Amino acid sequence: MRALIIGASGQVGGALAALCVRRKIEVYGTSRKGQGFLYLDLANPGSITAAFEKARPEAVFLCSAMTHVDNCERDPVMAARINAEGSALVAGECRKAGAKLVYFSTEYVFDGKAGPYGEDDPVGPVSVYGRTKLEGERAALELKDALSVRTTVVYGYNPASKNFIMQLINNQRSGAKMRVPSDQFSNPTYAPELAAAVLDLAEKGAAGIYNVVGPDWLSRYEFALKACAAFGFGPGFIEPRLTAELGQAAARPLKAGLKTEKLAAKLGRVLPPAEESLRRIAATIKQYE
């Protein structure tokens with residue numbers, strides 16, 4: 001399998017690229033910044049075509065997106081251009097190349113009133129981010145055998161990332177307070193385990209929608225406390241807040257999260273619990289202290 005990872009410089013794409021190398025899969029990675037990767041900007045149609053011509057992929061993993069939820073709300077035109085139109089262009093190139101498309105979607109396609117959600121539950125996004133990602137998902141699934149992976153709260157130890165755990169670590173180190181929503185419930189998902197499950201799904205020929213998330217259904221505040229316990233941090237810098245107090249531009253699905261019975265049936269396993277993944281991160285933190 002010759003793989004093209006769109007967004008290989010990001011958290012999920014980087015974990016996926018590293019895993020492909022370990023499994024001896026020929027892999028090409030793209031980045032909007034170049035820097036050793038193929039240049040690809042989802043807002044630039046020509047760059048998408050050029051990357052496909054260079055990589056000649058058999059499988060394409062679309063990890064890249066405009067993911068800052070509040071920035072999507074502030075600039076809905078750009079969010080649509082990247083998340084919806086860009087994804088449709090990638091799907092078109094996959095169709096021409098005869099390549100399998102694996103699209104990374106999100107729990108934000110739901111309204112967050114009755115989670116956790118299964119793959120077949122009715123969607124109803126409450127933000128520009130959720131709506132544009134849903135449009136991208138639908139464009140991807142128009143392809144035969146395409147796979148859409150819905151995930152959420154992806155974390156890992158990656159100093160270049162702004163994921164929730166890296167924010168927590170950086171705030172603790174700097175002595176800054178961190179306001180964390182106590183009413184947003186979801187499934188924290190460890191990036192390397194997400195990558196492994198997705199690659200396994202792709203290699204097994206999985207198609208349609210699969211939820212791939214961690215097994216713990218927690219509020220962001222509960223997750224922060226678990227991380228502090230694993231890392232040996234005093235939790236005093238963590239301040240629980242209701243979402244309504246945070247002044248965010250975009251609405252959030254509060255009672256969200258995703259069910260993983262379909263994933264378990266396909267792979268014979270689910271992702272490991274947060275405590276296990278956080279212990280691995282704690283070991284990494286100690287290496288850098």
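Quick notes on this one:
- Residues 238, 165, sorted so that the one with the fewest Cβ neighbours within 10 Å comes first: 238, 165
- Linear extension gain, residue 275 paired with residue 22, 0.36 nm per residue minus alpha-carbon span: 88.6 nm
- In sequence order, calculated HN-Hα J values of segment 113-125 (Karplus, 6.51, -1.76, 1.60; Hz; x Gly/Pro): 9, 8, x, x, 10, x, 4, 9, 5, x, 8, x, x
- Förster-model FRET efficiency, 25 Å R0, residue 204 and residue 121, C-beta, rounded to 0.05: 0.60
- Computed from Cα atoms, the angle from the helix 45-55 axis to the main principal axis of the chain rounds to 80 degrees.
- Full extension of the segment from residue 68 to residue 248, taken as 0.36 nm per residue of separation minus the current Cα-Cα distance, would add 63.7 nm.
- Degrees between helix 191-203 axis and first principal axis of the chain (Cα, 0 to 90, nearest 10): 30
- Distance from the Cα centroid of segment 156-179 to that of segment 26-99 is 28 Å (rounded to whole angstrom).
- Span from the segment 215-234 Cα centroid across to the segment 116-137 one, whole angstrom: 26
- Nonlocal amide H pairs with residue 154, under 5 Å, H built at 1.01 Å: 189
- Exposure proxy for 186, 161: other Cβ atoms within 10 Å of each Cβ, ordered fewest to most, give 161, 186.
- Filter on 133/262; 133/162; 113/266; 54/262; 24/262 - keep pairs with C-alpha separation over 24 Å: 113/266; 54/262; 24/262
- Neighbour net charge for residue 261 - beta-carbon separation under 14 angstrom, K R +1, D E -1: +2
- Residues of type aspartates and glutamates that residue 144 reaches as a straight line, Cα spacing below 15 Å, ignoring anything fewer than 8 places off in the same chain: 58, 93
- Segment 1-110: C-alpha gyration tensor shape, a/c 1.5 cut-off, then a/b vs b/c: prolate
- Our coupling estimate for segment 218-235, obtained by passing each phi through the Karplus curve with A = 6.51, B = -1.76, C = 1.60 and θ = phi - 60°, is 9, 6, 4, 5, 4, 5, 4, 5, 4, 5, 4, 4, 5, 8, x, 8, x, x Hz, Gly and Pro reported as x.
- Ranked 246, 278, 101, 38, criterion: other C-beta atoms within 10 Å, fewest first: 246, 38, 278, 101
- Cβ-defined net charge surrounding residue 239, 9 Å radius [Lys, Arg +1; Asp, Glu -1]: +3
- Amide H contacts of residue 28 (H built 1.01 Å from N, under 5 Å, at least 5 apart or other chain): 3, 4, 5
- For segment 136-175, the residue among 172, 147, 136 whose Cα projects farthest onto the positive side of the dipole built from Cβ charges is 172.
- Environment charge of residue 168, counting only residues whose C-beta is closer than 14 Å and scoring Lys/Arg +1, Asp/Glu -1: +4
- The simple Förster model, with R0 at 35 Å and r as the Cβ-Cβ distance, assigns residue 145 and residue 229 a FRET efficiency of 0.25.
- Put simply, the amide H of residue 180, placed in the peptide plane, has neighbours under 5 Å in 239, 241, leaving out anything fewer than 5 places away on its chain.
- Virtual paramagnetic centre 7 Å along Cα→Cβ of residue 33, amide N under 15 Å, in segment 163-177: 163
- Rounded to the nearest Hz, the phi-derived 3J(HN,Hα) couplings of segment 98-112 under the Karplus curve 6.51 cos²θ - 1.76 cosθ + 1.60 (θ = phi - 60°) are x, 9, 6, 9, 10, 9, 8, 9, 8, 5, 6, 6, 9, 7, x, where x marks glycine and proline.
Every number here is computed from the coordinates shown, using simple stated rules; none is lab data. Values in this document were obtained by computation on a predicted structure and should not be read as measured data. So basically every Cβ, Gly included, is an ideal-geometry build from the backbone, and we count neighbours across all protein chains shown.
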